[in-house]
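One structure below.
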């Protein structure tokens with residue numbers, strides 16, 4: 001059974017400054033099967049974050065439908081865990097309380113929350129930092145807390161919005177490896193937004209290459225590369241070359257259109 | 001050495017003022033009755049507190065009772081103002097319809113000086129604790145309210161998104177995200193409010209109440225006892241300083257998560 005289904009999604013933003021409507025997403029249909037790891041790959045402004053926010057329930061499509069586990073999405077909920085670009089931790093709560101925030105909402109007792117949080121703190125490798133406050137954590141550690149918090153929801157799907165974009169290269173590689181390990185262990189469905197071709201190829205079982213203005217799915221690529229992925233291997237590079245060519249073609253086409261139409265295609269209302 | 005200096009640091013300015021004041025009032029520049037030197041004030045104050053030689057006449061030994069009756073008024077008015085200011089502030093900051101319906105009225109009442117309510121307070125509540133408590137409430141309410149509204153409105157939207165992702169209801173968002181996020185601002189309002197509370201207790205006691213530090217201050221003025229006037233002023237200052245210290249203590253306990261991440265948290 002399909003875990004996530006996007007059917008003919010369109011999104012129109014009102015550009016208040018230029019007083020005209022902007023077609024941000026144009027007829028996107030995507031199906032993500034259970035236990036898949038889908039990477040939405042695209043440049044900024046292509047609507048990839050908007051798509052993710054629609055699955056999360058933070059935004060509504062102008063047209064089309066979003067269903068998760070067969071149920072239409074009508075708002076945010078704990079069946080879909082989200083990891084944000086900034087970790088968005090409650091600065092007044094220590095690490096373990098942030099991880100167990102969902103249980104706090106459900107009215108669990110402190111000792112039970114503490115015990116439940118530990119499993120996920122261990123899973124993301126934050127042993128020893130349980131009582132630290134977010135202000136005392138590095139960027140990578142904050143994102144680990146964000147991931148542990150999403151995992152504790154035990155959700156059908158995990159949505160990730162460029163969670164590693166602000167991390168240094170070394171930390172990013174470690175986190176990617178760990179994320180894959182967690183995904184393999186937890187058997188959940190992940191939708192991961194990124195602008196990095198390498199990241200998409202290291203992580204995904206599928207990569208959806210999106211085009212900009214309006215956002216469309218240019219190509220959905222199935223990756224059957226063995227794990228751990230060899231980023232210098234032949235197959236990896238073939239995929240990378242192919243995707244880069246798609247992106248380059250897209251850029252050339254846009255420049256041609258920009259010449260034909262001197263009014264610049266403006267930035268979209270929501271950064272993607 | 002530096003530790004010793006640090007503990008004396010905060011006494012330097014008050015000591016300097018006291019010494020200069022003593023010298024000026026003993027020099028004969030002003031008639032001694034108009035500006036009693038600190039030693040005379042301290043003597044009268046001492047008798048007011050401990051009642052050893054009747055220097056303070058009828059007030060001798062009554063300081064604790066006076067201070068307590070002022071403090072009770074402050075506590076009552078301030079308590080009501082804090083609770084209602086925080087609750088209404090959260091409502092105004094969170095729900096647009098509350099803001100639209102309530103805020104204009106509040107903003108029109110805010111610039112009216114609390115002191116100008118004294119005539120109405122007296123005819124409504126008579127001469128006793130109630131008009132003073134009402135005035136204290138008026139003085140402390142608006143700073144708490146305004147700062148709470150500000151704190152709610154500047155709460156990080158992303159935290160609210162994160163909490164609703166984890167299934168928070170609106171009531172849970174208010175309790176578990178918006179309130180703690182607004183807490184630093186709320187405490188700023190509480191600290192401004194406590195100052196206003198003391199000012200208005202004393203004002204009310206000068207006009208509408210027959211007890212408390214403000215009453216002693218005004219009464220002593222009628223009897224030309226400027227030493228007691230100054231002793232009352234100093235008492236009010238000290239008690240205000242102490243209550244503010246109490247709130248700061250409460251604040252650093254509630255906001256301990258800010259430890260090391262803000263300038264304020266480095267305060268000694």
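The values are calculated or read from the model by the stated rules, or taken from the named source; none is laboratory data. Quick caveat, the model's predicted, so the values are computed rather than measured. Note that each Cβ is placed from the backbone with ideal geometry, even for glycine, and that neighbours are counted across all protein chains shown.
Assorted remarks:
- Candidates are the residues of the range B:48-57 that are out of contact with any helix residue (DSSP H, G or I) (no Cβ under 6 Å at 6 or more places or on another chain) and at pLDDT below 85; the one that is farthest from residue B:212 (Cα to Cα) is B:54.
- Selection of the range A:70-96 for residues being more than 10 Å from every other protein chain (Cβ to nearest Cβ) and either within 23 Å of residue A:136 (Cα to Cα) or without any contact (Cβ under 8 Å) to a residue 40 or more places away in the chain (or both) yields A:71, A:72, A:73, A:74, A:95, A:96.
- Test: residue in the range A:43-54 that is at pLDDT 90 or above, in contact with a helix residue (DSSP H, G or I) (Cβ under 8 Å, 6 or more places away or on another chain) and buried (at least 18 other Cβ atoms within 10 Å of the Cβ): no
- Checking B:185, B:232 one by one, the residue that is within 18 Å of the chain's Cα centre (by Cα), farther than 24 Å from residue B:60 by Cβ, without any contact (Cβ under 8 Å) to a residue 40 or more places away in the chain and in a helix (DSSP H, G or I) is B:185 and no other.
- Checked against the criteria, residue B:123 counts as more than 14 Å from chain A (Cβ to nearest Cβ) and in a helix (DSSP H, G or I).
- Of the candidates B:135, B:200, B:159, the single residue that is part of a helix (DSSP H, G or I) and under 30 Å from residue A:58 (Cα atoms) is B:159.
- Comparison of A:151, A:137, A:220, A:159 shows that the only residue that is buried (at least 18 other Cβ atoms within 10 Å of the Cβ) and under 23 Å from residue A:42 (Cα atoms) is A:159.
- Yes/no for residue B:116 being over 13 Å from the mean Cα position of the chain (by Cα), more than 14 Å from every other protein chain (Cβ to nearest Cβ) and outside any helix (DSSP H, G or I): no
- Taking the criterion of being within 12 Å of chain B (Cβ to nearest Cβ), without any contact (Cβ under 8 Å) to a residue 60 or more places away in the chain and within 23 Å of residue A:55 (Cα to Cα), the only residue of the range A:120-151 that qualifies is A:145.
Per-residue answers, yes or no, for (1) within 14 Å of chain A (Cβ to nearest Cβ); (2) buried (at least 18 other Cβ atoms within 10 Å of the Cβ):
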{"residue": "B:170", "(1), (2)": "yes, no"}
{"residue": "B:175", "(1), (2)": "yes, no"}
{"residue": "B:186", "(1), (2)": "yes, yes"}
{"residue": "B:200", "(1), (2)": "no, yes"}
{"residue": "B:208", "(1), (2)": "no, yes"}
{"residue": "B:211", "(1), (2)": "no, yes"}
{"residue": "B:217", "(1), (2)": "no, yes"}
{"residue": "B:222", "(1), (2)": "no, no"}
{"residue": "B:229", "(1), (2)": "no, yes"}
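- The lone exception for residue A:62 - which of (1) in contact (Cβ under 8 Å) with a residue 24 or more places away in the chain; (2) surrounded by fewer than 20 Cβ atoms within 10 Å (Cβ to Cβ); (3) within 14 Å of another protein chain (Cβ to nearest Cβ) it fails: (3)
- Boolean, residue A:104 is without any contact (Cβ under 8 Å) to a residue 40 or more places away in the chain, within 20 Å of the chain's Cα centre (by Cα) and closer than 26 Å to residue A:55 by Cα: no
- Residue ID - surrounded by the most Cβ atoms within 10 Å (Cβ to Cβ), chosen from residues in the range B:126-165 that are within 14 Å of chain A (Cβ to nearest Cβ) and touching a helix residue (DSSP H, G or I) at 6+ places or on another chain (Cβ under 6 Å): B:151
- Residue match in the range A:224-245 (condition: closer than 25 Å to residue A:22 by Cα and part of a loop (DSSP other than H, G, I, E, B)): no
- Residue in the range B:25-38 that is in contact (Cβ under 8 Å) with a residue 60 or more places away in the chain, farther than 27 Å from residue B:174 by Cβ and buried (at least 16 other Cβ atoms within 10 Å of the Cβ) present: yes
- In the range B:39-47, the condition of being under 28 Å from residue B:129 (Cβ atoms) and part of a loop (DSSP other than H, G, I, E, B) is met by no residue.
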